[in-house]
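Presented below is the structure to which this report refers.
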Amino acid sequence: MSSQQGSSDQSAEKNISDKVKVLSGGIKLAIEAEDFEGAEKLRNKLIETAPMAINDAIKTAEMIEKGMSAAIDKDHLVIWPELYEQLTIEERNCLFHSMKKYILPEKKVLLKYGSLNNRLFFIEKGRVTIGLPQQGNKIKMLAQLGRGDILGEYTFATIALCSATAITKTEVQLRCLEGLKVESWEERHPGLQSKILEYCQKFGKIDRILERKERDHHTHPRHPVHGRAKAILLDKSGIKTKVSFNGELEEISRSGASFSIKCNQKTIVKQLLSRSFSIAFTFSHKGKEISFATIGRVIRVSSRLYNDYLLHVGFHATLPAELDVKLAP
C-alpha cells in the first residue's frame, strides 16, 4: 500500500513539474512576443499550479522584468527625464508598458471642452492646438503643445470635465495612458500613481494657460458666502428625480457656485461629474437672507480631508446682474 502511495505521489509531482515546464516555456514565448500582460497571467497560473515552485516563480518574474526593460523605447525615456528618473525600474516598466502608441492625422479631436476624459497623453512628435469653443463651431486658440508635453493632465489628476478642446494641428505621435490601467497598479506599485499625479501638477501646462486667461477675462466676480445648498438630480429630460443631497455653500457668482458635501465613497462623487441638478441656495449678506434656485452642472470636484468634497457647479443660464449688486462689499 505504501509502495502504491509513493508511486502515486511521484506521478503527481512529475505531473506538476511538467506543467511548470510548459508554463515557463509559454512565459518565455510571451516575453519574446512582447506580450508582457500574457506572460504575467501565465506566471500567476504557474504560482497557482505549483505554490512551492518558488525558484521558478522568482526566475520567471526576473525574466519578465528583463524583457520589459529591453522592450522600452529609449527615445521615449529621453523626452521625459524628470518623470522617469524618479521611478524605480519596476515602476518605469509598468508605466511604459501600460501605455498604447498612436499615430494620429491632423484635425483629430483628442479632448472636447466640457466632456469627460480619463486619458493622459504623452506627445512624442507633432503639434496639438489647445483652444476654447466659439460660435459657429470655431475654436479660439490659446496655445500649442508639442514634443515633451503632456495632455489631459487636468482631468487625469482631478475629478473634472475637460477645460479646453485639444485638436491635432499636424500628424501626431503620442502614447496614451488610460485611467483604468492606473487603478490596477495599487497592489503591485502603490506609489506610482501619486508620482504621476505629482508630475502632472508640476509640468502640466493647460491649467496654467487657463488660469492666466481666467484672470485676464473673468467677467463675473466671485463672492465668498456662507449658506446652504440643496441639489436635486435631474434626469436626461430635465425632470427632477428622487436623488438629492445638501451642501455648505462657500462661493457664488453669476455663472456658478462652489459648495461642499460629505461622502465616504469617491466613486459616487465621480458619478456627479457632468450631471445636472436643480439647486436651491440660501445665504445671508449684511443681515439679509437671499434665496433662489437655478439649474447647474457639476464641472469639477476638489477632494478635501475626512470625506469632504467641494463641488464646482456651472449654471446653465447666467444669473441677473442684480446678484452682484446685492453682494457688493
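Okay, here's what the table says:
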{"read-out": "Residue 241 of a type outside the set (D, E, K, R) and closer than 16 Å to residue 301 by Cβ", "value": "no"}
{"read-out": "When residues of segment 30-51 are limited to those that are outside any helix (DSSP H, G or I) and at pLDDT 90 or above, the one nearest to the chain's Cα centre (by Cα)", "value": "35"}
{"read-out": "Residue match in segment 283-297 (condition: crowded, with 16+ Cβ neighbours inside 10 Å, more than 27 Å from the chain's Cα centre (by Cα), on the phi < 0 side of the Ramachandran plot and among the hydroxyl-bearing types (Ser, Thr, Tyr))", "value": "yes"}
{"read-out": "Any pair with Cβ under 8 angstrom, 6 or more apart, that starts in segment 312-323 at a residue that is loosely packed, with under 14 Cβ neighbours inside 10 Å and ends at one that is part of a loop (DSSP other than H, G, I, E, B)", "value": "320/254; 321/254"}
{"read-out": "Which numbered condition residue 326 misses (of (1) touching a helix residue (DSSP H, G or I) at 6+ places or on another chain (Cβ under 8 Å); (2) surrounded by fewer than 14 Cβ atoms within 10 Å (Cβ to Cβ))", "value": "(1)"}
{"read-out": "Filtered residues of segment 244-277 (kept if assigned to a loop (DSSP other than H, G, I, E, B) and within 16 Å of residue 296 (Cα to Cα))", "value": "253, 254, 255, 273, 274, 275"}
{"read-out": "Residues of segment 126-162 classified as charged (D, E, K, R), surrounded by 14 or more Cβ atoms within 10 Å (Cβ to Cβ) and not in a loop (DSSP other than H, G, I, E, B), total", "value": "1"}
{"read-out": "Residue check, residue 31 under 30 Å from residue 123 (Cβ atoms) and surrounded by 14 or more Cβ atoms within 10 Å (Cβ to Cβ)", "value": "yes"}
{"read-out": "Residue in segment 221-258 that is farthest from residue 312 (Cα to Cα), counting only those that are among the small types (Gly, Ala, Ser) and surrounded by fewer than 15 Cβ atoms within 10 Å (Cβ to Cβ)", "value": "237"}
{"read-out": "Any hit, segment 79-99, residues being assigned to a helix (DSSP H, G or I), assigned by TED's automatic domain parsing to the domain that holds residue 18 and acidic (Asp, Glu)", "value": "no"}
{"read-out": "Every residue from segment 66-105 that is loosely packed, with under 15 Cβ neighbours inside 10 Å, in contact with a Lys or Arg (Cβ under 7 Å, 6 or more places away or on another chain) and over 30 Å from residue 167 (Cβ atoms)", "value": "86"}
{"read-out": "Within segment 163-189, considering residues that are of a type in the set (Asp, Glu) and either without any contact (Cβ under 8 Å) to a residue 40 or more places away in the chain or surrounded by 19 or more Cβ atoms within 10 Å (Cβ to Cβ) (or both), the one farthest from residue 125 (Cα to Cα)", "value": "187"}
{"read-out": "Evaluation of residue 56 against (1) assigned to a helix (DSSP H, G or I); (2) under 23 Å from residue 176 (Cβ atoms); (3) of a type outside the set (A, V, I, L, M, F, W, C); (4) touching a helix residue (DSSP H, G or I) at 6+ places or on another chain (Cβ under 8 Å) (one fails), failing number", "value": "(2)"}
{"read-out": "Qualifying position, being within 28 Å of residue 323 (Cα to Cα), modelled with pLDDT under 90 and either acidic (Asp, Glu) or not in a strand (DSSP E or B) (or both), among 202, 213", "value": "213"}
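The values are calculated or read from the model by the stated rules, or taken from the named source; none is laboratory data. If you're wondering where the values come from, they're calculated on a predicted model, not measured in any experiment. Virtual Cβ from ideal backbone geometry, glycine too; neighbours counted across all protein chains shown.
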